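To start, the structure under review is shown below, and the notes come after it.
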Amino acid sequence: MERVNDLNKSPYAKSKSKKTLLKERIIKYFFTINSLVVIIIFTLIFVFLLQEGLKALDVIAIKDFVYKTVFENGEEGKLYQWYPTSEQPRFSLIPLILGSLLISIPATLISTVFGISVGIYLSEIASIKTREFLKPIIEIFAGIPTVVLGFFMLVVVASIFQDIFNPVNRLNAFLASIGLSFIIIPIISSLTEDAFNAVPKEIRMASYALGASKFQTVFRVLIPTAMSGLSASIILGFGRAIGETMIVLMASGNAAELSFELFRSARTMTATIAAELGEVSQDSAHYFALFFIGLVLFVITFILNMVAELILNRMRNKINY
Amino acid sequence: MRKVKIKVNELSVFFNFLQALNRVSIEIYGNKVTAIIGPSGCGKTSFLRTINRMNELIIGFRKKGEVLIDNINIYNNNIDVVNLRRLVGMVFQSSNLFPKSIYENLAFAPKIHGIKDQKIIDELIEETCTKAAIWEEIKDRLEVNALTLSAGQQQRLCIARALTIQPDILLMDEPASMLDPISTAKIEELIFDLKKKYTIIVVTHNMQQAARISDFTAFFYLGQLVEYDKTTKLFTNPSNKQTEDYLTGRFG
Ligand SMILES: Nc1ncnc2c1ncn2[C@@H]1O[C@H](COP(=O)(O)OP(=O)(O)OP(=O)(O)O)[C@@H](O)[C@H]1O
Ligand SMILES: [Mg+2]
């Protein structure tokens, strides 16, 4: 007994008071419960999407999402068409996927060139004053309601493009690409800037002290070091381009054609859901098909985000030993 | 016989509102080793960085006064800073290797300075690494990421990398702070060797080291140059009370 008493007097023997314990517990539960709520809601959304989307496979054969076999004059043919309201509905996703790619790939390419240039300019070339002035202006673009941008493309830019490019359709894939670029450039440029800022300043100093010019420092030291960050920014930009709805709905013309031409109307997966879900009767094949598109979109963006996250982790490991 | 290589006139350095150097005037001699000593925060690194104009990369830097190398004011508007930094090499206080392979770290400077011949680059790398006493440890693994080396190995690699630009003046900021006695001895030998060709300024917190390797010593305190003299004189018979106190460990 005596030894126990002695131990209790030791400064090491101090145990947490009831008040501290209670406080810690409240803090812990507060954050845990909030996180759980968010996670549960997200899971429910995903489960709902999965359920409704997979029901489509009960009504529509998976082959029919690719093409519909038709017999005409005794000959067999394949129709790659999205025509869900026809008497013989056709549910091919190919024209929609093609439309999405035809719009988002050029948008990503344009945004990569401009976004990375702007990012490099902001982090390495611009003076502090210029940067503080320009950064918010560029970031505002990412925050403009997309319906406003879409409207602007539809009314103003479409007319300008009509004079310059003489497109097949006034509203076309290229117009939508440019519209998308307005929101993706800021995404890529700010992620590029982050990637460059993540390069320790000691490394920059080392390069300059070895007699490298700014140009050499950017291309031989900073870009290679920030490469993973740059790749991730492009992938995330592409993910946003695939998922964006309002601009493409307003500017692309929305014709679900099997076309590879930039200056023709095109229709994306997102615009299809947005345009048709309001009119479709619930529990019809068409209804489930739209959910299936949603599922496809979800999987695509999920994979893109995962890949970007993996690449970013690799970069962190490379810099921090 | 003694040739003035670097002449600093009334140099003051500011970082925003903080004054790091206060009207420093000093003449540094060519083909000699000059040691800079003084307590932490007294402006040693800031002083070194004015000689290759690295301070300019720091936000909020301002300076007054002038720095002349070979009688040319290196802060003149028409001076090419990139060229200046090819002539004035620097080993930083803490290792700052690129997150690239050992080889890429060493080949970086020769490549950007236009050496194309692979053989010349390889010879240069072996030569500088041997001088920096690191060659034996890395020659079989030039392809591994330089950041996986130990702190002392990284420090010696930084020295080797600084030598690859074949500078005219070499600034070394505590180049042996992480090294064991054997590597330290080798780096001191290197410094002794290099002064035949280069002008060297070494910052060190190790008084014995300053006494061993330098011809001249400058004692900085609170941003001011307190005393500057031949090393033998400054260490045995300092004329300033503050210098004496610092050397005998009474403050700092
Ligand atoms: N990058 C910087 N930004 C702002 N202030 C700085 C910077 N570098 C140095 N200073 C300031 O300048 C003063 C001198 O610093 P300096 O690094 O030259 O000291 P030092 O003598 O090299 O010290 P140490 O022996 O610890 O390396 C310090 O007060 C420091 O806070
Ligand atoms: Mg220092």
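Bear in mind that the values in this text are calculations on the coordinates, not laboratory data. Keep in mind that what you see is a predicted model, and the values were worked out from it rather than measured. Don't worry about glycine lacking a Cβ; one is built from the backbone with ideal geometry, like all the others, and counts go over all protein chains shown.
What the pair-distance distribution of the stretch B:4-247 shows, using all Cα-Cα distances binned every 10 Å from zero, is 7, 31, 35, 21, 5, 0 percent. Residues of the stretch A:115-142 with an amide N closer than 18 Å to a point placed 7 Å from the Cα of residue A:194 along the Cα-to-Cβ direction: A:115-124, A:135-142. Per-residue ellipticity at 222 nm computed for chain B from its helices equals -10000 deg cm²/dmol, with DSSP H segments shorter than 4 residues left out and the rest contributing -39,500 (n - 2.57). Of the complete DSSP H runs in chain A, those spanning 27 angstrom or more by Cα along the long axis with a mean Kyte-Doolittle score not below 0.0 are A:18-59, A:94-120, A:173-197, A:223-243, A:285-319. With neighbours defined as other Cβ atoms within 10 Å of a residue's Cβ, the residues A:240, A:90 order from fewest to most as A:90, A:240. Taking the longest Cα principal axis of chain B as reference, the axis of helix B:181-194 is set at about 80 degrees.
Ranking A:286, A:113, A:192 by how far each Cα lies toward the positive end of the dipole of the protein assembly as shown (charges on Cβ) leaves A:192 at the top.
Sorted from fewest to most neighbouring beta carbons within 10 Å, what does the list B:205, A:286 look like? It would help to have the intermediate numbers written out before the result.
Details: B:205 15, A:286 20.
In order of increasing Cβ crowding within 10 Å: B:205, A:286.
Set Lys and Arg Cβ to +1 and Asp and Glu Cβ to -1, take the dipole of chain B about its Cα centre, and tell me which of B:47, B:91, B:12 lies farthest positive. Going by the charge dipole, the pick is B:12. Between residue B:77 and residue B:119, take the C-beta separation as r, use R0 = 41 Å, and let me know the FRET efficiency to the nearest 0.05. Here the calculated transfer efficiency is 0.55.
Taking the Cα centre of chain B as origin and assigning +1 to Lys and Arg Cβ atoms and -1 to Asp and Glu Cβ atoms, the resulting dipole is close to 640 debye.
Dipole magnitude for the stretch B:100-240: computed about the Cα centre from +1 point charges on Lys and Arg Cβ and -1 point charges on Asp and Glu Cβ, it is near 200 debye. Per-residue mean of foreign Cβ neighbours for A:210-219 is 6 (Cβ atoms of other chains, 10 Å radius). Helical content alone sets the calculated 222 nm signal of chain A at -22500 deg cm²/dmol, taking -39,500 (n - 2.57) per DSSP H segment of four or more residues and averaging over every residue. For the pair residue A:83 and residue A:19, the difference between a 0.36 nm per residue extended length and the Cα-Cα distance amounts to 16.4 nm. In the calculated pair-distance distribution of the stretch A:1-101, the portion above 24 angstrom amounts to 62 percent of the Cα-Cα pairs. Remark: for residue pairs B:139/B:230; B:32/B:100; B:32/B:63; B:139/B:195; A:28/A:55; B:3/B:100, the C-alpha separation exceeds 32 Å in B:139/B:230; B:32/B:100; A:28/A:55; B:3/B:100. The label-point distance for residue A:36 and residue B:59, in a model that sets each label 7 Å from Cα toward Cβ, rounds to 4.3 nm. For the stretch B:1-39, the list of chymotrypsin sites (Phe, Trp or Tyr not before Pro) that fall in a loop by DSSP and count at most 11 other C-beta atoms within 10 angstrom reads B:17. The angle between the Cα long axis of helix B:102-112 and the longest principal axis of the Cα atoms of chain B comes to about 80 degrees, rounded to the nearest 10. Between residue A:215 and residue A:134, what is the FRET efficiency for a Förster distance of 35 Å, r being their Cβ-Cβ separation, to the nearest 0.05? E between residue A:215 and residue A:134, to the nearest 0.05, is 0.95.
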